[in-house]
Amino acid sequence: MGLDSRWIELPSVHRRLLLFSVTAAALFCLLLLRLWYLQIINTEDYQERSVRNRTRVLPLEAPRGPIFDRNGRLLVGNRPAFGISVMRQDVENPQALLALLAQLLDINATTLEKRWQQGKGLPIYRPVVLAEDVPRQFAERVLEHNTDLPGVLVSVRPVREYLEKGSIAHVTGYLGEVTEAELSQDRGKNLQTGDVIGKVALEKTYEDFLRGTKGLRRVEVDVRGKLLRPLEIEAPQPGQRVFLTIQQELQQAANLAFGDNSGALVAMDVRTGEVLAMLSRPTYDPSLFARGIESQAWTELLRDPRHPLQNKAISGLYAPASTFKMMVALAALREDSGARRRVVDCDGSFELGEARFRCWKKDGHGRTDMIKALRESCDLWFYQVGLDLGIDKIAAIAREFGLGEVVGFPLAGENAGVVPSRAWKRQRFQAPWYGGETVIAAIGQGYVLVTPLQLAVMTAALANQGTLLKPQIVKRVEDWQGKVLQQTTPQILHQIEMPAAAWQTINDGLVAAVNEPHGTGSASRMAEVVVAGKTGTSQVVRRKSEEEEENQAGEEVPYEFRPHALFVAYAPADKPQIAVAIVVEHGRHGGGTAGPMAKAVFEAYFKAQSTDFTTLVLMEKEESD
């Protein structure tokens, strides 16, 4: 109470001075507390912001791992490419900057504007990529005008280079920018918007091996974002090295032999299951995707009726035609060891009820046994034998050879095909099986559908006498110190049990088809090596009656109505090493069209074998000297 009276007694000036002093002291205490908070408690955060204002952290793209053929020849590598990007926080007038860049890069300003808008979704500290794979002279123009382009960066990054162009595109695949869906499905891959990843085939399946680890470059900049000096570099780590089972010489030979035809080719090592060549035509240039494919080019690929983006070797479905006849022959030999000697009198046609089935040779083949039926591809022999066997016995042995199911190819997209049976038709169509359908299936038509890969696996199993091997496309994966991270070994899917005489009979028939008079596969005959093979001509439309064919004789058949040409073969016939399966879409005749292609692959294979052998002998001689 006394204090209050003294306060009242103080002059008003003194009261005001005391109030001001207390207020100033309180404010000073608050400032001290704030300074303590900034300098002590939050010092790291503000120090980081300060550094960020004068430095930029730029990502360094990691080179993807190279892809080699089985002998170490480079198939897919990387090349340096200039890129133009911009730090958004350093740009005061985006429209003026983009207009100048468009002029310097000879790019539509709308394209740059679109990239700028897309970049707004990125963190402020990440550069926005405006142009990729810019020609060197354009990049130099930008560098010359760097004072007028605040925040603009010119960088060099690795871009995928496909040395074989399109010949192996369906095996290697291509790259593309990561999508929102792929980002959401990312499982520890540290993907970011704008990253490029494998989209199909090997580039996608082996993404974890091929994609390296990014590095970074920390640089100091002035207030306008202009680069002053580098501060720190953390080098990127390249992806691992992948070695394919593909042999470059065979791939090139197959590509050259195929010419402008559509279809597919698969060559396999019959001892290991390694794919030595895989071709799908028409093809595409995967480098278009590495640079960022234009929408018009993408649309053209999608609308092409010959389907260049499809790997027909593993997903294309075709009637196997006469290449299926070995399945019927083996089914007959399993039922009766004397089937080799069974004789059918072929007069050119076969009747079943009211239906009439014709042989490809109008006048017939006369008296025909199994060897002659395989050599000259007599349809009537297989009509009658197939009908006697029944569809279920034929289907059972076909499945043992890997037909009608996926055979486990390492890359995605493999098709299972169709091997029909009574149960299959009941389930699929809720209808019974008819004898006429067996007749058609016995020559590989009707419901029977296979892929070229399955035909290659089947042919390899015929060559090695019953060992069904899983097809392999990657031989090994190594790191840059040569340590093997993944190694492929032969995998046996199934062992087919047949008498030795049965295997010999099929071999004799296929050797005759290539090397004896009247053999349908004579175009694949070689002087130095004995080839065993079987031709096929697959109808894509219903065969005309004799009267229709006579009325239209001499008319040119439209391309889309021409039959497919097929050929399967292995060599050498006595000690097989390589098997080949070929489908040429609308190629008319297997012997005349596909046979020479197989011969070209065999010649390339054995030439490479002899060269390797000669080199080995010379090396051994030098060592001994």
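For region 303-353: of the residues being of a type in the set (S, T, Y) and not in a helix (DSSP H, G or I), which is modelled with the highest pLDDT? Taking the candidates together, the pick is Y318. Does at least one position in region 363-383 carry a residue that is part of a helix (DSSP H, G or I), more than 18 Å from T505 (Cα to Cα), among the aromatic types (F, W, Y) and assigned by TED's automatic domain parsing to the domain that holds A463? Taking every residue of region 363-383 in turn, at least one turns out to be part of a helix (DSSP H, G or I), more than 18 Å from T505 (Cα to Cα), among the aromatic types (F, W, Y) and assigned by TED's automatic domain parsing to the domain that holds A463.
Checking each residue in region 71-123 for being touching a residue at least 40 places away in the same chain (Cβ under 8 Å), more than 30 Å from I246 (Cα to Cα) and among the basic types (K, R) picks out only R88. Within region 493-524, the set of residues being crowded, with 16+ Cβ neighbours inside 10 Å and in a strand (DSSP E or B) comprises L493, H494. In summary, no helices (runs of 4 or more DSSP H) completely within region 55-165 bear 1 or more residues that are assigned by TED's automatic domain parsing to the domain that holds Q609. Only residues that are within 18 Å of I168 (Cβ to Cβ) and buried (at least 17 other Cβ atoms within 10 Å of the Cβ) were counted across region 308-334, and they come to 7. The set of residues from region 318-359 being more than 37 Å from the chain's Cα centre (by Cα) and aromatic (F, W, Y) comprises F350, F357.
Restricting to region 166-180, name every residue that is part of a helix (DSSP H, G or I) and at pLDDT 80 or above.
Of region 166-180, the ones part of a helix (DSSP H, G or I) are 169-172, 180.
The answer is A169, H170, V171, T172.
Restricting G402, G413 to those that are in a loop (DSSP other than H, G, I, E, B), within 37 Å of the chain's Cα centre (by Cα) and buried (at least 17 other Cβ atoms within 10 Å of the Cβ) reduces the list to G402. Would you please name the residue that is surrounded by the fewest Cβ atoms within 10 Å (Cβ to Cβ), looking only at residues in region 132-175 that are more than 23 Å from G212 (Cβ to Cβ), within 36 Å of the chain's Cα centre (by Cα) and not basic (K, R)? Only one residue fits best here, namely Q137.
Taken over region 459-491, the criterion of being under 21 Å from the mean Cα position of the chain (by Cα), within 17 Å of E405 (Cβ to Cβ) and part of a loop (DSSP other than H, G, I, E, B) is satisfied by K470, P471. Could you tell me whether any residue of region 278-286 is in contact with a Lys or Arg (Cβ under 6 Å, 6 or more places away or on another chain), modelled with pLDDT of 95 or more, of a type in the set (S, T, N, Q) and crowded, with 23+ Cβ neighbours inside 10 Å? Among the residues of region 278-286, at least one is in contact with a Lys or Arg (Cβ under 6 Å, 6 or more places away or on another chain), modelled with pLDDT of 95 or more, of a type in the set (S, T, N, Q) and crowded, with 23+ Cβ neighbours inside 10 Å, which makes the answer yes. Exactly one of (1) touching a residue at least 24 places away in the same chain (Cβ under 8 Å); (2) assigned by TED's automatic domain parsing to the domain that holds E414 is unmet by E294. Its number? Only one criterion is unmet by E294, namely (1).
The values are calculated or read from the model by the stated rules, or taken from the named source; none is laboratory data. Here the structure is a predicted model, which means the values were calculated and not measured. Positions of Cβ are backbone-derived with ideal geometry, glycine not excepted, and every protein chain shown enters the neighbour counts.
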